[in-house]
1. Over all pairs of distinct alpha carbons, what does the Kirkwood formula give as the hydrodynamic radius of the chain, in Å?
2. Given the range 37-91, what whole percent of its Cα pairs are spread farther than 13 Å?
3. Give the carbon-plus-sulfur fraction of the accessible surface of the chain in %, rounded to a whole number; probe 1.4 Å, heavy atoms of protein chains only.
4. With every protein chain left in place, what is the accessible area per residue of the range 27-112 in square angstrom, probe 1.4 Å?
Amino acid sequence: GSKECARVSTNINLIYFLSSALQDEFLDVIYWFRQIIAVILGVIWGIVPLQGFLGIAIFCLINAGVLYLYFNSFQQVDEEEYGGTWELTKEGFMTSFALFLVVWIIFYTAIHFD
């Protein structure tokens, strides 16, 4: 009776804990993947040299598009488990945007200014 209820309760808590840990890990992967994209695109944009709104717009499209393809096609996760597509799409976006701008400005300035 009560031992089985306690065992079931323990199993449910363990499943919830593991599920929560896997969700946090997946969000961490998205966050760091985004930072890598930001550095790579910042270097490319600085070397090319892209300028202004066009560079920012293309970065936003590539950043969001690559991440969307990653979690929707490659990982095939249920977006609703993470709060929907918008929550996954904006996970770590502002940090990666700031990193992108810093890298872009540093490379552009170093290469294209005398």
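1. Values: mean 1/r = 0.0615 Å⁻¹.
Across the chain, the inverse of the average 1/r is 16.3 Å.
2. Values: 945 of 1485 pairs.
Percent of Cα pairs beyond 13 Å in the range 37-91: 64.
3. Details: 5230 of 7690 Å².
Heavy-atom surface of the chain belonging to carbon and sulfur, 1.4 Å probe: 68 percent.
4. With the other protein chains kept in place, the range 27-112 gives 58 Å² per residue.
The values are calculated or read from the model by the stated rules, or taken from the named source; none is laboratory data. All figures in this text were calculated on a predicted structure; none of them were measured in a lab. Ligands, DNA and RNA are stripped out before the accessible areas are found, and what is left, the full protein with its side chains, is counted by its heavy atoms. Shrake-Rupley method; radii C 1.70, N 1.55, O 1.52, S 1.80 Å.
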